[in-house]
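Engineer: Sharing a structure, written as structure tokens. Questions coming.
The values are calculated or read from the model by the stated rules, or taken from the named source; none is laboratory data. Worth saying up front: this structure is predicted, and the values here are computed from it rather than measured. Reconstructed Cβ throughout: ideal geometry from the backbone, glycine too, with neighbour counts over all protein chains shown. When the accessible area is computed, the model is the full protein with side chains, heavy atoms only, and any ligands, DNA or RNA have been set aside. Shrake-Rupley method; radii C 1.70, N 1.55, O 1.52, S 1.80 Å.
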Amino acid sequence: MSTEKVEIFDTTLRDGEQVPGCKLNTVQKLKIAARLDELGVDVIEAGFPVSSPGDFKSVSEISKIIKNAVVCGLTRAVKNDIEVAAEALKYAKYPRIHTGIGTSDSHIKYKFNSTREEIIERAIMAVSYAKTFVEDVEFYAEDAGRTDNEFLAKVCTAAVKAGATVLNIPDTTGYCLPEEYGQKIKYLKENVTGIHKVRLSCHCHNDLGMATANAIAGVANGARQIECTINGIGERAGNTALEEVVMILRQHPSLNLNTNINSKLLYGTSKMVSQEMGMLVQPNKAIVGANAFAHSSGIHQDGMIKNKATYEIIDPADVGVTESAIILTARSGRAALAYRAKKMGYELTKLQLDTVYIEFLNFADHRKEVEDNDIHVIMDLSRKRNRAIA
């Protein structure tokens, strides 16, 4: 069965870099941008050019080196922002200006002290003006997650008529439930005039831990771009994690959706971004965390040794991890001990294993983890006390 492509819009260098303490210099941004291009992302949001001279320089320099991906610059619905972004993107092979405005009643009243009618006018102005500089213009309706669908459809219709090529529907505060977000995308597909001419995009935040689920609900209901970051970094609790959505789409062929991402580069890219930003990846992080393919429970380890499919739905090699890890702890069983001991050169009979296992448990109860070198110590202790091993 043929599949439809979901474009991956990476905003690690823009939204991801907004994390306190994760500021990157231009050299670091160029290094990560080149890696993202190699990874196969479709769009690299390189920065917010008007925000600082450093950001302008980074967007400009990234534009010069990227060979395959679209290079995107963020703006507000302000003419000067758009002019500065266009200047920063002038060297890009495939430039995109990403412009927009808040559309929820909260943003309209408290952020802009404006009206719905004026917001639509500003949206039209921003898209129309950006269109005079580049062909590819993405419009974002900030806080779309809390914008009522009827008004959101009106704003999006106006943006399409003004020349937008992509409509970004952000769940800016991470508030939506997956069903709500999916229905919002479905409503726009059915009620925005000219929707067939543009691509709908999901930009979801993780304030309630639902960014990835919402993004998947969005593409399941017709969106064809996901905005995400490496390791899910971003404002507050972060963004949709690139590695998660890519592997979800790959592992669920019934969705009939695919990406251009070279998944074997995911783990290495995760480590690069973590090191450059000084932002540690939590060990239990899906796909790229240190424990994502590590097994320490005796029940799980026994199943893994017999057949990896019992507890792993992804081949570690598919995401660039060398192999699964059997971690020895006091929760490990005989099968795991025998497995690791064999790797260390010890072939144990059942009787020998029973004897060594008692020594192992005594040792493991005083350690968080039993390392390879500890196996030699355990074997030596068992040999001295029980002569269990010849």
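Engineer: Can you list the lysines whose alpha carbon sits under 25 Å from that of K350, skipping same-chain ones fewer than 8 residues off?
Structural biologist: Cα-Cα hits under 25 Å: K306, K308, K342, K384.
Engineer: Okay, moving on. With a 1.4 Å probe and all protein chains in place, put Y181, Y357 in order of accessible area, largest first.
Structural biologist: Y357, Y181
Engineer: Follow-up question, since we're still on this one. Can you tell me what the convex hull of the Cα atoms of the range 321-390 projects to on average, as an area in nm²?
Structural biologist: Average projection, Cα convex hull of the range 321-390: 4.7 nm².
Engineer: How long are the semi-axes of the equivalent ellipsoid of the range 290-339, defined as square roots of 5 times the Cα gyration tensor eigenvalues? Whole Å, largest first. Please list the in-between numbers first.
Structural biologist: Values: eigenvalues 70, 25, 14 Å².
That gives 19, 11, 8 Å for the three semi-axes.
Engineer: To continue, here is another question. Would you work out which of L266, T11, C176 lies farthest towards the positive end of the dipole of the chain? Charges go on Cβ: Lys and Arg +1, Asp and Glu -1.
Structural biologist: Working it through, the farthest residue towards the positive pole turns out to be L266.
Engineer: Can you compute the equivalent ellipsoid semi-axes for the range 212-299, i.e. the square root of 5 times each eigenvalue of the Cα gyration tensor, sorted largest first and rounded to whole Å?
Structural biologist: 23, 17, 12
Engineer: Could you tell me how far the Cα centroid of the range 251-287 sits from the Cα centroid of the range 84-155, in Å?
Structural biologist: 30
Engineer: Calculate one ³J(HN,Hα) per residue across the range 143-155 by plugging θ = phi - 60° into the Karplus curve 6.51 cos²θ - 1.76 cosθ + 1.60, and present them in order as whole Hz with x for glycine and proline.
Structural biologist: 6, 4, x, 10, 9, 5, 4, 5, 5, 4, 5, 5, 5
Engineer: On to the next question. In the range 13-147, what percent of the accessible surface is made up of carbon and sulfur (1.4 Å probe, ligands and nucleic acids excluded)? Before the final figure, lay out each step's value.
Structural biologist: Values: 2940 of 5610 Å².
After summing per-atom areas, the C and S share lands at 52 percent.
Engineer: Let me ask something else about it. If you filter the range 223-270 for trypsin sites (Lys or Arg not before Pro), then keep DSSP loop positions with at most 12 other Cβ within 10 Å, what is left?
Structural biologist: Loop-located and lightly packed - R236.
Engineer: In percent, what relative contact order does the range 1-118 have, based on Cα pairs under 8 Å that are 6 or more apart in sequence?
Structural biologist: 20
Engineer: Does a label point 7 Å from the Cα of I358, set along Cα-to-beta-carbon, have any residues of the range 314-346 with amide nitrogen under 16 Å, and which are they?
Structural biologist: 334
Engineer: Also, quick follow-up: Note down the magnitude of the dipole of the chain about its Cα centre, charges +1 on Lys and Arg C-beta and -1 on Asp and Glu C-beta and zero elsewhere, to the nearest 20 debye.
Structural biologist: 740
Engineer: Further, regarding this structure: About its Cα centre, how strong a charge dipole does the range 234-311 have in debye, to the nearest 20, once Lys and Arg get +1 and Asp and Glu get -1 at the Cβ?
Structural biologist: 200
Engineer: Using θ = phi - 60° and the Karplus form 6.51 cos²θ - 1.76 cosθ + 1.60, what ³J(HN,Hα) does each residue of the range 186-203 get, whole Hz, x for Gly and Pro?
Structural biologist: Per-residue couplings from phi come out as 4, 4, 5, 4, 9, 10, 8, 5, x, 4, 5, 8, 10, 10, 8, 10, 9, 10 Hz.
Engineer: Further question on the same structure: If you count the DSSP beta bridges with both ends in the chain, what percent of them are antiparallel, to the nearest 5?
Structural biologist: Given both bridge residues lie in the chain, the antiparallel proportion sits at roughly 5 percent.
Engineer: Using the alpha-carbon atoms, what tilt in degrees (0 to 90, nearest 10) does helix 266-277 show relative to the longest principal axis of the chain?
Structural biologist: Roughly 70 degrees, rounded to the nearest 10.
Engineer: Taking the Cα centre as origin and putting +1 on Lys and Arg beta-carbons and -1 on Asp and Glu beta-carbons, what dipole magnitude results for the range 149-214, to the nearest 20 debye?
Structural biologist: About 400 debye.
Engineer: Read phi for every residue in the range 61-72 and hand back ³J(HN,Hα) as whole Hz from Karplus 6.51 cos²θ - 1.76 cosθ + 1.60, θ = phi - 60°, with x for Gly and Pro.
Structural biologist: For the range 61-72, the Karplus-derived couplings read 5, 4, 4, 6, 9, 7, 9, 10, 7, 5, 9, 10 Hz, x marking Gly and Pro.
Engineer: Once amide H atoms are placed 1.01 Å from N in the peptide plane, what residues at a sequence separation of 5 or more from I233, or on another chain, have their amide H within under 5 Å of its amide H?
Structural biologist: Answer set, sorted by chain and number: N239.
Engineer: So who's got an amide H within less than 5 Å of the one on E7, skipping anything under 5 residues away but keeping other chains? H placed 1.01 Å off N, in plane.
Structural biologist: Result for E7 returns Q225, I226.
Engineer: Of K154/K184; K29/K57; K31/K57; K109/K131; K161/K186; K131/K186, which sit over 18 Å apart, Cα to Cα?
Structural biologist: K109/K131; K161/K186; K131/K186
Engineer: Ignoring everything but the protein chains, give the 1.4 Å probe accessible area of F151 in square angstrom, nearest 10.
Structural biologist: The value for F151 is about 10 Å².
Engineer: Taking the 0 to 90 degree range and rounding to the nearest ten, how far is the long axis of helix 372-386 tilted relative to the main principal axis of the chain, both from C-alpha atoms?
Structural biologist: Long axis of 372-386 versus the principal axis of the chain: about 20 degrees.
Engineer: Next question. Based on the alpha-carbon gyration tensor of the range 107-166, what equivalent-ellipsoid semi-axes (square roots of 5 times the eigenvalues) come out, in whole Å, largest first?
Structural biologist: The answer is 20, 12, 10 Å, longest axis first.
Engineer: Right, here's the next one. Going by amide H atoms built from the backbone, whose H comes under 5 Å of the H on L328, apart from near neighbours?
Structural biologist: Here the answer is V370, since their amide H atoms fall under 5 Å of that of L328.
Engineer: Averaging sequence separations of C-alpha pairs under 8 Å and six or more residues apart, then dividing by the length of the range 64-199, give the relative contact order as a whole percent.
Structural biologist: 21
Engineer: Separate question: At R0 = 41 Å, how high is the FRET efficiency between N191 and N80 if r is their beta carbon distance? Nearest 0.05 is fine.
Structural biologist: According to the calculation, E is roughly 0.80.
Engineer: Helix 79-88 against the longest principal axis of the chain: what's the angle in degrees, Cα atoms only, rounded to the nearest 10?
Structural biologist: 50
Engineer: Sort all Cα-Cα distances of the chain into consecutive 20 angstrom bins from zero, then give the percent of pairs in each bin up to the one containing the longest distance.
Structural biologist: Spelled out per bin, shortest first, that is 26, 46, 20, 8, 0.
Engineer: Normalising by the residue count of the chain, find the relative contact order in percent from Cα pairs under 8 Å and 6+ residues apart.
Structural biologist: In percent, rounded to a whole number, it is 13.
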